[in-house]
Amino acid sequence: MHHFEEELTCSICYSIFDDPRVLPCSHTFCRTCLENVLQLSSNFSIWRPLRLPLKCPNCRTIVEIPPSGTDSLPVNFALKAIIEKYQQEEHPDVATCSEHYRQPLNVYCLLDRKLVCGHCLTIGKHHGHPIDDLHSAYMKEKETPVKLLEQLTDKHWSEVCMLIENLEKQKAQCESIVQEDKKSVLQYFKRLSDILDHKKQALLAALDDVNTQIVAEYEPLIERLKDLREEQLELMSLNTSIQEEESPLLFLEKIEDMRQRVKALKQKPLPEVKPVEIYPRIGQVLKDVWTKSEISQINKILIPKIKLVSKGPVCNHGDKKENRQPKGFLWPLWPLAVIIISLIVVSIIFSQHLMSFVNEIVFPYVLHALQTVHENLSKRLEVVLETVWHILIAYWTIYVQ
């Protein structure tokens, strides 16, 4: 076919355009060819829309045809004029072969089912193929389009359309389920995040409370010692100035004042430093309770109350003697127990007057010692029992219920 003739050929029927119509995607086809394609597409639709969808055979774009059909599509007048001029000048009535220039297509190849020219049968690729004349082949194939259309619109294709609709419906249902599951995931982890954040803030608040206790416990002692330190430095500076005094009278007056101030400073009692510890330790609680708890039970875990607990016997830095008392907080019980037993024996052996003497003089000291030990034990036991109670409640809530 001539190179110019290729531009005038419809891509559906492979013939020169007949009543060329332009689609919205700018591609041109014969009006009859578009009618056949549109009719085939409408046969697959169960319902007929207001505008007819059509897939362009060239670019595969879905375009919409008005309800009036292809008659409403614009005519490509420029292409139509070129075709008319081309047919009048070079090819008035006969179609020509695409491989052999200006050779008419007047023979039908039965093997390849296409029109060929004489050169195709003699020297071309259709040499030796069975042939038929153009009119006879036309009459034989006249009913073929109807039969092919029946094959393309039978029950099989209706089932295909129904299957497509079912698959699209199932796809939509599955996508809806996935979206719901996504919402569930977001909501679950949002609640979990809120619970964890609440627990974290509660633990931090408990640590802030015990930090406030630490400040209240140590800050006054530190301030007292700083005041002593400041007075010491002041006296040291005053001592340097006294050494430079040249007047004997003034020197003696100042040194005496200095001596009295140093004596008073050294007589000021130093504060008692009580060794304390923080109980319970949050790290241990996280390890013993939190790491062994299920996610669903985190909200039921109780926040322990953190306290400062006396760690051992009172240590007075002003006392230069070494404290050699036995370790542990139960050591005062042994001498007290001996004293109490002795009093009981004495009360049995001696007279009532002696017992009155013991009750009035000895017993108050013993009672005071017992009260001191009781207060110390009560504070420690209170913290221990409270911590054990929190742990037991947490384990009961998580593992029993």
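The values are calculated or read from the model by the stated rules, or taken from the named source; none is laboratory data. Quantities reported herein were computed from a predicted structural model and do not represent experimental measurements. Reconstructed Cβ throughout: ideal geometry from the backbone, glycine too, with neighbour counts over all protein chains shown.
Right, E272: in contact with a strand residue (DSSP E or B) (Cβ under 6 Å, 6 or more places away or on another chain), acidic (D, E), surrounded by 11 or more Cβ atoms within 10 Å (Cβ to Cβ) and at negative phi or not? Yes; evaluated as a whole, the condition is true for this residue.
Confirm whether Q103 is over 28 Å from D19 (Cα atoms) and of a type in the set (S, T, N, Q).
No.
Could you check region 118-161 and list, in sequence order, the residues that are within 60 Å of the chain's Cα centre (by Cα), among the β-branched types (V, I, T) and modelled with pLDDT of 80 or more? Answer for region 118-161, where residues must be within 60 Å of the chain's Cα centre (by Cα), among the β-branched types (V, I, T) and modelled with pLDDT of 80 or more: just V160. Taken together, E253, E244, E234 contain a single residue that is exposed (fewer than 10 other Cβ atoms within 10 Å of the Cβ) and more than 60 Å from the chain's Cα centre (by Cα), which is E244. Scoring E35 on the criteria (1) under 27 Å from M162 (Cβ atoms); (2) at pLDDT 65 or above; (3) in a loop (DSSP other than H, G, I, E, B) leaves a single failure, condition (3).
Scanning region 72-105 for residues that are at pLDDT 80 or above, among the polar types (S, T, N, Q) and part of a helix (DSSP H, G or I) yields one hit, S72. Listed by first and then second residue, the pairs linking a residue in region 155-177 that is under 24 Å from L40 (Cα atoms) and without any contact (Cβ under 8 Å) to a residue 60 or more places away in the chain to a residue that is part of a helix (DSSP H, G or I) and among the basic types (K, R), with Cβ atoms under 7 Å apart and 6 or more places separating them unless they lie on different chains, form an empty list. Taking region 107-128 as the region of interest, how many residues are part of a loop (DSSP other than H, G, I, E, B), touching a Leu at 6+ places or on another chain (Cβ under 7 Å) and either crowded, with 16+ Cβ neighbours inside 10 Å or of a type in the set (F, W, Y) (or both)? Final tally of qualifying residues: 1. Is it the case that some residue within region 152-169 is farther than 30 Å from Y279 by Cα, of a type outside the set (D, E) and not in a helix (DSSP H, G or I)? Yes, region 152-169 has at least one match.
Filtered by the rule that a residue be assigned to a helix (DSSP H, G or I), over 20 Å from D227 (Cα atoms) and free of Cβ contacts under 8 Å to residues at least 12 places away in the same chain, region 242-277 gives Q243, P248, L249, L250, F251, L252, E253, E256.
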